[in-house]
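To start, the structure under review is shown below, and the notes come after it.
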Amino acid sequence: MAKPLVQATGRRKSSVARVRIYEGAGSFKLNERSLENYFPQPALRMRVLEPLKIADAEGRYDVHAKLEGGGYTGQSDALRLGIARALIELDPELRPALKKEGLLTRDSRRVERKKYGLRKARRAPQFTKR
């Protein structure tokens with residue numbers, strides 16, 4: 001396999017996407033699976049392809065990524081951030097356009113930890129009067 005043009009990492013919640021971009025024809029390989037196979041929902045595929053659409057780079061690069069942790073939504077957002085960061089390494093002039101669309105902002109929201117004496121992070125045990 002040829003040497004990747006750039007590598008970048010994207011994260012969201014507990015998901016991590018390690019993205020490599022190669023010169024190519026626009027194919028995706030996510031954990032050895034195609035984009036359509038890995039993300040069957042069209043909405044998630046649209047989110048993943050957004051940075052390439054804004055950079056006008058659809059069909060120009062092959063994207064290979066290793067995705068770990070979390071669920072489909074977290075992984076798709078992590079992949080989206082990873083692709084956006086990789087595109088900036090390729091062409092720094094894309095930064096203002098990607099930033100304007102909010103594609104470079106890492107969503108830092110995480111699950112709040114459970115507190116002792118409570119059922120969840122904030123949910124108190126049920127109170128019985130009698």
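Remarks
- Extreme residue, surrounded by the most Cβ atoms within 10 Å (Cβ to Cβ), among residues of segment 81-103 that are under 18 Å from V63 (Cα atoms) and of a type in the set (D, E, K, R): R85
- Pairing each residue of segment 31-48 that is free of Cβ contacts under 8 Å to residues at least 60 places away in the same chain and hydroxyl-bearing (S, T, Y) with any residue that is surrounded by 11 or more Cβ atoms within 10 Å (Cβ to Cβ) and in a strand (DSSP E or B), provided the two are 6+ apart or on different chains, yields C-beta distances under 6 Å for Y38/L30.
- Condition check for R106: within 15 Å of the chain's Cα centre (by Cα), in a loop (DSSP other than H, G, I, E, B) and exposed (fewer than 13 other Cβ atoms within 10 Å of the Cβ): yes
- Helices (runs of 4 or more DSSP H) contained entirely in segment 33-97, each with at least 3 residues that are charged (D, E, K, R) and within 22 Å of D107 (Cα to Cα): 42-54, 72-90
- Checked across segment 15-35, the condition of being touching a helix residue (DSSP H, G or I) at 6+ places or on another chain (Cβ under 6 Å) and either over 30 Å from A2 (Cα atoms) or hydroxyl-bearing (S, T, Y) (or both) holds for at least one residue.
Yes/no per residue for (1) more than 22 Å from I88 (Cβ to Cβ); (2) of a type in the set (S, T, N, Q); (3) in contact with a Phe, Trp or Tyr (Cβ under 8 Å, 6 or more places away or on another chain):
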{"position": "A8", "(1), (2), (3)": "no, no, no"}
{"position": "V19", "(1), (2), (3)": "no, no, no"}
{"position": "E36", "(1), (2), (3)": "yes, no, no"}
{"position": "V48", "(1), (2), (3)": "no, no, yes"}
{"position": "K53", "(1), (2), (3)": "no, no, no"}
{"position": "R60", "(1), (2), (3)": "no, no, no"}
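- Checking Y38 against (1) loosely packed, with under 11 Cβ neighbours inside 10 Å; (2) modelled with pLDDT of 95 or more; (3) among the aromatic types (F, W, Y), the condition it does not meet: (1)
- Selection of segment 10-23 for residues being touching a strand residue (DSSP E or B) at 6+ places or on another chain (Cβ under 6 Å) and either over 15 Å from T105 (Cβ atoms) or among the basic types (K, R) (or both) yields V16, A17, R18, V19, R20, I21, Y22.
One line per residue, one yes/no per condition, for (1) among the basic types (K, R); (2) modelled with pLDDT under 95; (3) out of contact with any Asp or Glu (no Cβ under 7 Å at 6 or more places or on another chain):
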| residue | (1), (2), (3) |
| --- | --- |
| I54 | no, yes, no |
| E58 | no, yes, yes |
| A78 | no, no, yes |
| D107 | no, yes, no |
| K115 | yes, no, yes |
| L118 | no, no, yes |
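The values are calculated or read from the model by the stated rules, or taken from the named source; none is laboratory data. Because the structure is a prediction, the values reported are computed rather than measured. Positions of Cβ are backbone-derived with ideal geometry, glycine not excepted, and every protein chain shown enters the neighbour counts.
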